[in-house]
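Nothing in this text is a laboratory measurement; each read-out follows from the coordinates by a stated rule. Bear in mind that the values here come from a model prediction, so they are computed numbers and not experimental data. FYI the Cβ positions are ideal-geometry reconstructions off the backbone, even for glycines, and counts take in every protein chain you see.
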Amino acid sequence: MKVLVILGHPRTDSLCGALAAAYRDGARSSGAEVRSLELANLEFDPHVHTPSPNEQALEDDLDAARELVAWADHLVFVFPTWWGTMPALLKGFLDRVMTPEFAFRSCEGGTGYEGLLPGRSAQLITTMDTPVLIHRLLYRQPGINAMARATLGFCGIRPVRSLMLGSVREADARQREVWLERARQEGLRLQHGRESLREQAAFKLGGWLQALRLQFYPMTFVAYTAGALAAAPDGGVLRNPAFWLGYLCLFLLEVATVLVNERVDFGSDRQNRFYSPFTGGSRVLVEGRLSLRELNAGTAVALGGFAAAFAALVAVAPGDAGPMLWVTGVLAVLAIGYTAPPLKLSYRGLGEVDVALTHSLGVLLCGYVFLAGDWTDPLPWWLSLPLFLAIIPSITLSGIPDREADAAVAKRTLAVRLGNGGALVVALVFTVLAAVAGAAFHLTGWAQGAYAGIAYFVVPHAAWLTWLLWRERQRGAPGGRIDGLMAVSLAYVLWFGLVPLVNLAAA
């Protein structure tokens, strides 16, 4: 392992200097190759005088320092905490060295920035006069947070460990010896690798949470609950174990679906420049947070859990097993078949209809049948119609940022087939149709009055969304990220789930 120890104290003969030396000793004992930078001995201007730091030529010492940062696997920053954060010397060093195109760059996807120093970890060792507990709880460790998250984490460096030592003012010689030994032990820990088991587990857990894309699950729960309430209007739905087992089936099916999508869409995701929380997949494969083998294992576990939960559901549900089996079976085929072969519906031009159908009629009918409703009753079918129409705009719009990448792998979304302008027209038409359907249900009382009052919400929201879509169309539908438009269209869908849910619960 290649370790770079950076001393950020203006005096090399300080306690921080001794801590840096102790860490170096421990790191060398672990078998690491260690190099040092003492910022007090470098000749450089800490101030950025040009509009961009890249326009200011680097001094020879900073050129050499940048080469060391690029060389290192593990960066160690030792500095005092003054006024809650790092000294000006260290801040100036970071301003000059961690510049665009070396430490990070702008990009079209994600947060708009991409760290360029991944594969590295860091250790922060800082001294302070404030007692550590007070610094952590009262001041919320601003200097550590700035370094770990807004600087090193921003540049792709992880994990970032921290060791805070204080109060220096009240420490005697014995206490300082204890701190020096702690610094040495931190260096010695490198013999076990740059990441502890806890850090590895936290990284993987974060990867799994990212892969699940939990931001899209609440709407499934809302539609499913509306279906269950329609079947059991007398109440007690939330106390019925069949309700929760049924939702567990749908949850695990959705987990399996998103993991399959992640695997099949890897080619598109890898080329996608405009990914966001709404589009472009979770990117856990692209970013290396999970492996293909792990995704396959996760899919198998989700499908196994789905089968077990469905077996338990059949045992306790009040309805007949036959309708439950075929309704759930058809839903599972359509959900998994969105990207999975042999159906690959999204690659055959049927992806938008598939998503709208499974997330409206599919989950709503499951809720209805699981609570002993008859699938031939017109109620769940009528209930699902406005929701189906409302989902089409958002799922169609999601194809616009992904269009170039999807076209490259022959994924035939509406945006690929019709172009961005055509996709906007489809979204606009279905926005209006959904509002018309909602208003019609509101005025006539269809579906047992489940949509009563919805016109007051969806008509102004539809007007807003229609204006945004028309404006985007007039701009020439340039493509790229449309996060604001996506947020408005997804919020539009919520009315078609929440209003029926509230009305059915109050009935």
Scan Ala302, Ala297 and give me the residue that is more than 19 Å from Gly367 (Cα to Cα) and surrounded by 20 or more Cβ atoms within 10 Å (Cβ to Cβ). Ala302
Please go through the range 97-132 and give me each residue that is over 26 Å from Arg194 (Cα atoms) and out of contact with any Ser or Thr (no Cβ under 8 Å at 6 or more places or on another chain), ordered by number. Ser106, Cys107, Glu108, Thr111
Among (1) over 30 Å from Val5 (Cβ atoms); (2) touching a helix residue (DSSP H, G or I) at 6+ places or on another chain (Cβ under 6 Å) - the single one Asp269 does not satisfy: (2)
Only residues that are small (Gly, Ala, Ser), over 27 Å from Asp483 (Cα atoms) and under 21 Å from the mean Cα position of the chain (by Cα): list them for the range 102-153, please. Gly119, Ala148
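I want to confirm something. Restricting to the range 18-59 and keeping residues that are free of Cβ contacts under 8 Å to residues at least 12 places away in the same chain and more than 37 Å from the chain's Cα centre (by Cα), which single residue is farthest from Val168 (Cα to Cα)?
Checking each candidate, the answer is Ala57.
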Checked against (1) aromatic (Phe, Trp, Tyr); (2) under 24 Å from Met486 (Cβ atoms); (3) out of contact with any Pro (no Cβ under 8 Å at 6 or more places or on another chain), Tyr247 satisfies every condition except (2)
Can you find even one residue in the range 406-413 that is surrounded by 18 or more Cβ atoms within 10 Å (Cβ to Cβ) and of a type in the set (A, V, I, L, M)? no
Name, by its number, the condition in (1) without any contact (Cβ under 8 Å) to a residue 60 or more places away in the chain; (2) more than 21 Å from the chain's Cα centre (by Cα) that does not hold for Ala297. (2)
Quickly run through the range 465-507 and pick out the residues that are aromatic (Phe, Trp, Tyr) and loosely packed, with under 14 Cβ neighbours inside 10 Å. Trp467, Trp470
Taking Gln448 and the conditions (1) within 20 Å of Gly351 (Cβ to Cβ); (2) assigned to a helix (DSSP H, G or I), which numbered condition does it fall short on, given that it satisfies the others? (1)
Would you check which residues across the range 325-374 are touching a Leu at 6+ places or on another chain (Cβ under 6 Å) and outside any helix (DSSP H, G or I) and list them? Gly337, Tyr338
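This table checks each residue for (1) of a type in the set (Val, Ile, Thr); (2) assigned to a loop (DSSP other than H, G, I, E, B).
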| site | (1), (2) |
| --- | --- |
| Glu170 | no, yes |
| Leu180 | no, no |
| Leu188 | no, no |
| Glu195 | no, yes |
| Glu199 | no, no |
| Trp208 | no, no |
| Thr225 | yes, no |
| Pro233 | no, yes |
Out of Ser282, Ser276, Ser291, I need the residue that is under 27 Å from Ala201 (Cα atoms) and surrounded by fewer than 17 Cβ atoms within 10 Å (Cβ to Cβ). Which one? Ser291
For the range 436-464, enumerate the residues that are touching a His at 6+ places or on another chain (Cβ under 8 Å) and small (Gly, Ala, Ser). Ala452, Gly453, Ala455
Residue that is surrounded by the most Cβ atoms within 10 Å (Cβ to Cβ) [pool: residues in the range 78-97 that are out of contact with any helix residue (DSSP H, G or I) (no Cβ under 7 Å at 6 or more places or on another chain) and of a type outside the set (Gly, Ala, Ser)]: Pro87
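Taking the criterion of being in a helix (DSSP H, G or I) and within 30 Å of Gly109 (Cα to Cα), would at least one residue in the range 281-290 satisfy it? Explain how you work it out, then say what you get.
From the range 281-290, those in a helix (DSSP H, G or I) are none; that's our starting set.
No; the residues of the range 281-290 include none that is in a helix (DSSP H, G or I) and within 30 Å of Gly109 (Cα to Cα).
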Residue in the range 125-133 that is touching a Lys or Arg at 6+ places or on another chain (Cβ under 8 Å), part of a loop (DSSP other than H, G, I, E, B) and farther than 21 Å from Val48 by Cβ present: yes
Looking at the range 168-177, which of its residues are in contact (Cβ under 8 Å) with a residue 12 or more places away in the chain and touching a helix residue (DSSP H, G or I) at 6+ places or on another chain (Cβ under 8 Å)? Val168, Arg176
Pairing a residue in the range 142-167 that is outside any strand (DSSP E or B) with any residue that is of a type in the set (Asp, Glu), where Cβ atoms lie under 8 Å and the two sit 6 or more apart in sequence or on different chains, gives Gly156/Glu114; Pro159/Glu195; Pro159/Glu199; Gly166/Asp129; Ser167/Asp129
